[in-house]
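Peer 1: Here it is, the structure in full.
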Amino acid sequence: MPFSAQPPASGERYALSASLDNARHLSSLLRAVHFQDHATCLATASGLRVTVEDAKCIQANAFIQAEIFQEFSVQEESVMFRISLSVLLDCLTIFGTSSVPGTSTALRMCYRGYGYPLMLFLEEGGVVTVCKINTQEPDELLDFDFCSTKVVNKIILQSEGLREAFAELDMTSEVLQITMSPDKPYFRLSTFGNAGSAHLDYPRDSDLMEAFHCNQTQTNRYKISLLKPSTKALALSCKVSIRTDAQGFLSLQYMIRNEDGQICFVEYYCCPDENITEAEL
Amino acid sequence: LSRIGDELYLEPTESGLSLRAVNSSRSAFASFLFAPLFFQLYELGSTGPDTEVFRCKVHMKSFLGVFRSLPSLEKSVGKCLILLKPRASRLVLQLHCKHGVTKTHNLAFQECERLQAVFDTQRCASRLCAPARVLAEAVVHFPPTLAEVTLGTGPGGKISLRNYVEDEAEQSKTMVTELWLAEDEFQSVAVAPGSHITFCLKEFRGLLSFAEASNLPLTIHFDEPGRPVVFTLDDTVLEVHLVLATLSDLESNSQSPSTNGVSHLPAPSDDFADDLESYMVAMETSEGGSGGPPSPTFPLRTPRPAESDPEEEEEEEEEEGAVPGTPPHKKFRSLFFGSVMTPGRPGPATTQEVLAEDSDGEC
């Protein structure tokens, strides 16, 4: 549904200006990384990246490519600002969160530049809402320096196999231990909670396993409270890639197909837990 | 079983795997015996004549946590392997799921004494057998918060169910529901006329749901008020018993003022309250317990308003029976509040010995 009300005044140049026919393409992805109140947005010619961090240990990024938008223009090389993700999501879903087929909220986003608020124009069924959200100085973001050349172990799994596991993780355990190995148990998720330990094993020949490239046996522990929010991204995704590097840093990349069949990505990076004690098996 | 107690007792025997639970006031006991044929594989560890049968208990919540969502379990789990590893102190539950995925849970357990209620269905004067559905449909008429219900036998072989109102004075203010079931609704009726028993409905509902789901007929064995009522389900591979204490009759006591309101432990000076203190389930480590002493009187504790929560009751001494570490071959029986006996009641529970050494376990 093309957006027709309140076009920006001609002659004004916006650092960022974008239009999206279905705001859900953006809001559902942002929800998958919404575990902190604030996020840093980076807009470049290739699209929009929204980053959320916590405890200097975990970082989540939601990528919405420029091609997803009906219109996407960035005046400078890149535009970056910090914004309340909670407020942004509330605005994007101002007409409600239930997805009735056939109706969608149209979005127009404008950002004049440093110091200006982010303007959102949302329209559904002829009703228009205008939102102005204050922006802040962007934070310095963590650089996990995770590149494909440094990857030691990599697995690609169909998300349906992990969804239930993540939803039912024993939260009385402080850590989630991930074992990846060319030998048994191949891929194992373990928790050590009040009731005892629990292990979830995925064999390399499971039909859920799309790719299995493990070169070395690695066992790493991550704080479960930091990884639990990734369950939202997992729920939306159809595939997930799990990679670790030599230092035990974890990269989770989720491939998400939106309502129109377009592909977007969400990724989570996590540092291993430093307090390593003997694993209970 | 989780409706009864917080701990699940496991006892693998030659006749099958027995799962049991008891409530904190020892007024309800349930056991499920799964015959070896129920399983695809049933292997007992090496047990010589001298080796003790291994028993343990685990926290009910931990165990249930393994089988969290039943509908998805049915779709995704092919096999469940249960291993009891005494040396590692672990109960291993391994679920083999679809896509080759294996879920292994290692639960900590505690060794424990044998948990067994003493009861003898042969000695019960009355017996009823009905399809679970009939009883479920009857029970549905009572409010979910109702604590106790009275089952009675009436003229013409009819069976009545009535909610129990503890205080005579309150009768006029509370809604009383009574329903009658004709003899032909039951598969068999062999009852002593004019008998009635009052038991806790909450604990019974759990068994009833199970019986309905498994489509098994339920048999009710009962006797005089005060003696336990035993509900049984029988199948080729499963034997279920639920033993509930019943309210003892108070004909010899005059009506007492309502003491039920607040306190869990009845005031000692009150005769009415004395009769209703609960007795400990007699525990015996010898086999064939039911052939031995007569069943202890099993009076129900003072009924309380709907939100009764047996778990909160402080009967510290009662915990002694299941104290781990009590020497296994010691045969012991403890009945507390030995001075408490309904006057005029015949014989049972004359064994009032309280074995002082067991009070070591008192916390």
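Peer 1: Quick check on my link table: of B:Lys75/B:Lys202; A:Lys56/A:Lys223; A:Lys56/A:Lys228; A:Lys228/B:Lys57, which ones sit more than 20 Å apart, alpha carbon to alpha carbon?
Peer 2: From B:Lys75/B:Lys202; A:Lys56/A:Lys223; A:Lys56/A:Lys228; A:Lys228/B:Lys57, over 20 Å: B:Lys75/B:Lys202; A:Lys228/B:Lys57.
Peer 1: Which shape class, rounded, prolate or oblate, goes with region B:156-221 when its Cα gyration tensor gives a ≥ b ≥ c as root eigenvalues, a/c under 1.5 marks rounded, and past that a/b bigger than b/c marks prolate?
Peer 2: oblate
Peer 1: Counting partner chain Cβ atoms within 10 Å of every residue's Cβ in A:190-199, what's the average?
Peer 2: That works out to 6 on average.
Peer 1: Here's a follow-up. For the residues A:Glu123, B:Glu224, what sequence is obtained by ranking on other C-beta atoms within 10 Å, fewest first? Don't jump to the answer; show the numbers that get you there.
Peer 2: Numbers: A:Glu123 22, B:Glu224 19.
Result, fewest neighbours first: B:Glu224, A:Glu123.
Peer 1: Nearest 500 deg cm²/dmol is fine: what mean residue ellipticity at 222 nm does chain A get from its DSSP H runs of n ≥ 4 alone, each adding -39,500 (n - 2.57), divided by its residue count?
Peer 2: -3500 deg cm²/dmol
Peer 1: OK, next. Which whole-Hz ³J(HN,Hα) couplings does region A:111-127 yield from phi under the Karplus relation 6.51 cos²θ - 1.76 cosθ + 1.60, θ = phi - 60°, glycine and proline marked x?
Peer 2: Result, rounded to whole Hz: 9, 6, x, 3, x, 8, x, 8, 9, 10, 10, 10, 9, 8, x, x, 8.
Peer 1: What do you get for chymotrypsin sites (Phe, Trp or Tyr not before Pro) in region B:48-99 restricted to DSSP loop and a cutoff of at most 14 other Cβ within 10 Å of the site's Cβ?
Peer 2: Values: sites: B:Phe54, B:Phe63, B:Phe67; in loops: B:Phe54, B:Phe67.
Counting only loop positions with at most 14 other Cβ atoms within 10 Å, the chymotrypsin sites (Phe, Trp or Tyr not before Pro) in region B:48-99 are B:Phe67.
All of the numbers you see were taken from the coordinates with simple rules; none came from a lab. Computed from a prediction, not measured in an experiment: that's the story for all the values here. Methodologically, a virtual Cβ is constructed for each residue, glycine included, from the backbone with ideal geometry; neighbour enumeration extends over all protein chains shown.
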